[in-house]
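A.B. asks: There's a structure below that I have some questions on.
The values are calculated or read from the model by the stated rules, or taken from the named source; none is laboratory data. Bear in mind the structure is a predicted one, so any value in this text is a computation, not a measurement. Cβ placement follows ideal geometry from the backbone for every residue including glycine, while neighbour counts extend to all protein chains displayed.
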Amino acid sequence: MRTDSKVQREKAKQAVLAELKRRSEDRHPRNQTLLVRFARCTQLQQTVLILSRAVEAERRAPSATPLAPPPGWLPPLA
């Protein structure tokens, strides 16, 4: 029984140390710059791409008639 508990404690210790190492890797100053975080995050890159395309489309058609929102999306005007 004693060896089982030692083995379990050692496994738990190794798991905690591995998690601490994984978390500490992102705390390095070179990984904290905005540009590095942007380069790693594909979801952020996709968001920026969609937003930039929307801004570009708005710039090309400033006089276009805006679409009316679907019924029920806006509160009633008083």
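Rundown of residues vs (1) modelled with pLDDT of 80 or more; (2) in a loop (DSSP other than H, G, I, E, B); (3) of a type in the set (S, T, Y); (4) loosely packed, with under 10 Cβ neighbours inside 10 Å, yes/no style:
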| site | (1), (2), (3), (4) |
| --- | --- |
| L35 | yes, no, no, yes |
| T47 | yes, no, yes, no |
| R53 | yes, no, no, no |
| S63 | no, yes, yes, yes |
| P75 | no, yes, no, yes |
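A.B. asks: Looking at T3, is it modelled with pLDDT under 80, of a type in the set (V, I, T) and part of a helix (DSSP H, G or I)?
C.D. replies: Numbers: modelled with pLDDT under 80: yes; of a type in the set (V, I, T): yes; part of a helix (DSSP H, G or I): yes.
It is true that T3 is modelled with pLDDT under 80, of a type in the set (V, I, T) and part of a helix (DSSP H, G or I).
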